Amino acid sequence: MVLDLKIYNTLARSKEKFKPLGPGKIKFYQCGPTVYWTQHIGNMRAVVCADFIIRTLKYLGYDIKFVRNYTDVGHLTSDEDEGEDKMEKAAKREKLSPREIAEKYIKIYENDTRALNIIEPSEKPKASEHIQEMIEMIEILMDKEYAYKTDLAVYFDVSKAKDYTKLSKQTLEEMSVGAGKGEVADAEKRDPADFALWFFRKGKHEKALQYWPSPWGDGFPGWHIECSAMAKKYLGATMDIHMGGVEHISIHHTNEIAQSESANNAPLANYWIHNEHLVVDGRKMAKSEGTGYSLEEIKEKNFSPVALRYFFTQAHYRSKQNFTWEAMESARNGLKHLYNQVRILHLDTGCPSGHPVSVNEEYKNKFIEKISDDFNIPQALAVAQELLKADLPDKDKLATILDFDKVFGLKLADAMAFAEAPKEVVELAKKREAMRKENKWAEADIVREQIKNLGYEIEDAGKGYVLKKI
Ligand code: AMP
Ligand code: ZN
């Protein structure tokens, strides 16, 4: 079935038919983490939402070049020009160098994303390794007079950008008022909404630990120019899809657009996708609120990373999702139930893992309809649940659900592998099942004990049973 993929484009504030730039790979960029702390599961929601999207694009047959950066310099404690560099703050806190901080937190992040079954990006550029590309872009902006220099920094002049607020839909006055809220650090800044492309190692950044030479003086890049320069290096002037959290619309992405489009004379991205936040009691999950649970804390409470992933299937990426421990409990149960259903289908069909038979076309079409409608994962999961209840041959159901799992990424095939108990155990389980059908309960219990002695627990589930290793 050929269906149009529809994507909600923040630029248009509406769903649009997806038209790739060209016949080659889809160019996709996601703003990556600032690696100064263990990312909480709110950050992880952003990563999982992007993963559902990447997997959907792959499922629909697109080839993708996926870039997600690491910010390891230049992101100040506000998203604007005020505050301390997050990396240096962490370096002081932990008595490590910024580089050691980056290494430490990239490692944790990569372990966590692996545990969440996230597809690896094609490129994972670090900002600190692309300073030259940033300088080159700032040089173009200076030459074209989009940028100016003060004693403390090189700034982008927002009044020069064409349609500066096209993404945020705010007026420039609203943005300037917002930008003027913090400490005004530089009296020479022409407009409070102008933003730094390059900070000098001067004033409050006098003791900056990470700095590089530049044509304008020693210093370090602003956060926004990092994404613009890395995106250009790996994806060219224009990409298909740029993704990030909703809070990036008014500052970070607005500024990325201004810099890149002024320097390159081309649109930065044709589609802008923004994911909503994970919230706790109606407020964004955040470390500063004391609600930023890490994946480690989730695991300590006996929830698997895949159960967290299942929890994330429950809300559309453009909706806020409320985190509660009760919701995690039901996600764990939901996933367990799904695993049990897959195990039973597998046992009933006896089909070896990795060799599913035939995918049911009707359900596949329903599934494609949902994922093609702005990546509607919750509704796609509902189709999967409908499939499991449908009156279809077990082997087709199994093949179909495993096919859908290419998008969900819930490791359903692992459930089957788990069911692959030794032949001896499976024979006993079948024998016991036959006894139960004849109401020979006492004999069935004896066989259950024999199975236990071989290291397996038998659990009755639905119309079959599940074998679990003890
Ligand atoms: P940071 O390391 O603070 O730059 O954040 C990394 C990413 O996590 C950003 O893209 C944010 O949009 C995202 N993020 C932060 N908090 C949340 C949250 N509570 N829910 C969803 N995404 C979040
Ligand atoms: Zn970015």
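Excluding residues fewer than 8 places away in the same chain, name every one of the lysines whose C-alpha is closer than 20 Å to that of Lys320.
Cα-Cα hits under 20 Å: Lys15, Lys284, Lys287, Lys370.
Tell me, what is the percent relative contact order of the chain, built from C-alpha pairs under 8 Å that lie six or more residues apart?
This gives 17 percent for the chain.
Based on the alpha carbon coordinates of segment 6-289, what radius of gyration and maximum Cα-Cα distance (Dmax) apply, in Å?
18.2, 53
Give me the extension gain from Ile119 to Ile140: residue separation times 0.36 nm, minus the current Cα-Cα distance, reported in nm with one decimal.
Additional length available on full extension: 4.1 nm.
Over all directions, how big on average is the projection of the convex hull of the alpha-carbon atoms in segment 131-269, in square nanometres?
If I average the Cα hull's projected area over directions, I get 8.1 nm².
Hey, any idea what Rg/Rh is for segment 325-469, computing Rh the Kirkwood way over Cα pairs? The partial results should precede the final answer.
Working: Rg = 16.8 Å, Rh = 16.4 Å.
Using Cα coordinates only, the ratio equals 1.02.
Hey, how much of the P(r) for segment 191-302 falls beyond 22 Å, as a percent of Cα pairs?
The proportion of pairs with Cα distances above 22 Å equals 53 percent.
What lysines does Lys160 reach when the alpha-carbon gap must be under 25 Å and sequence neighbours fewer than 8 apart in one chain are set aside?
Cα-Cα hits under 25 Å: Lys144, Lys149, Lys169, Lys181, Lys189, Lys232, Lys233.
Each label point is 7 Å from the Cα along the Cα-to-Cβ direction; what then is the distance between the points at Lys17 and Ser288, in nm?
Label at Lys17, label at Ser288, 4.4 nm between them.
Helix 361-371 against the longest principal axis of the chain: what's the angle in degrees, Cα atoms only, rounded to the nearest 10?
So the helix axis and the longest Cα principal axis differ by about 30 degrees.
In µm²/s, what is D for segment 35-91 at 4 °C and 1.567 mPa s, where D = kT/(6 pi eta Rh) by Stokes-Einstein and Rh is the Kirkwood radius from Cα pairs?
My calculation gives 95 µm²/s for D.
For Lys284, tell me the accessible area in Å² from a 1.4 Å probe, rounded to the nearest 10.
About 100 Å², rounded to the nearest 10.
Sort Glu145, Glu110, Glu256, Glu449 from largest to smallest accessible area, using a 1.4 Å probe on the heavy atoms of the protein chains.
Heavy-atom accessible area, descending, gives Glu145, Glu449, Glu110, Glu256.
With each pseudo-label sitting 7 Å past Cα toward Cβ, what's the Thr324-Glu449 distance in nm, one decimal?
4.5
Relative to a virtual label point 7 Å from the Cα of Lys202 in the Cα→beta-carbon direction, which members of segment 143-167 show backbone nitrogen distances below 16 Å?
Counting backbone N atoms under 16 Å from the label point, the list is 148-156.
Could you derive backbone 3J(HN,Hα) for segment 317-329 from the dihedral phi with the Karplus parameters 6.51, -1.76 and 1.60 (θ = phi - 60°), listing whole Hz in sequence and x where the residue is Gly or Pro?
Result, rounded to whole Hz: 4, 8, 10, 5, 10, 8, 9, 9, 5, 5, 5, 5, 4.
Among DSSP bridges having both ends in segment 6-289, what percentage is antiparallel? Round to the nearest 5.
Of all bridge pairs located within segment 6-289, approximately 50 percent are antiparallel.
Please work out, to two decimal places, the log10 of the ratio I(q)/I(0) at q = 0.11, 0.14, 0.18, 0.19 Å⁻¹ from a Debye calculation in which every Cα of segment 1-147 carries one identical scatterer.
-0.56, -0.87, -1.20, -1.25
On a straight-distance basis, which aspartates and glutamates could pair with Lys431 in a cross-link, Cα separation under 12 angstrom, same-chain partners fewer than 8 positions away excluded?
Hits, sequence-local ones excluded: Glu443, Asp445.
Per residue, how many Å² of accessible area does segment 325-469 show with a 1.4 Å probe?
Here the per-residue accessible area is 49 Å².
So what is the relative contact order for segment 325-469, in percent, with contacts set as C-alpha pairs under 8 Å and at least six apart?
25
How much length is gained on full extension from Lys25 to Gln385, taking 0.36 nm per residue of separation minus their Cα-Cα distance?
126.4 nm
According to the square roots a ≥ b ≥ c of the eigenvalues of the Cα gyration tensor, what is the shape class of segment 299-343, taking rounded for a/c under 1.5, prolate for a/b larger than b/c otherwise, and oblate for the remainder?
oblate
Taking a threshold of 24 Å on the Cα-Cα distance, which of the pairs Lys107/Lys299; Lys162/Lys204; Lys58/Lys166; Lys299/Lys469 fall above it? List each step's numbers first, then the result.
On the way: Lys107/Lys299 17 Å; Lys162/Lys204 32 Å; Lys58/Lys166 30 Å; Lys299/Lys469 21 Å.
Correct reply: Lys162/Lys204; Lys58/Lys166.
Are there trypsin sites (Lys or Arg not before Pro) in segment 7-84 that DSSP marks as loop and that have at most 15 other Cβ atoms within 10 Å, and which are they?
Arg13
The values are calculated or read from the model by the stated rules, or taken from the named source; none is laboratory data. Please read all numbers here as calculations on a predicted model, not as lab measurements. Neighbour counts run over all protein chains shown; Cβ positions are idealised from the backbone, glycine included. Remember, those area values only see protein heavy atoms, side chains included, never the ligands or the DNA or RNA. Shrake-Rupley method; radii C 1.70, N 1.55, O 1.52, S 1.80 Å.
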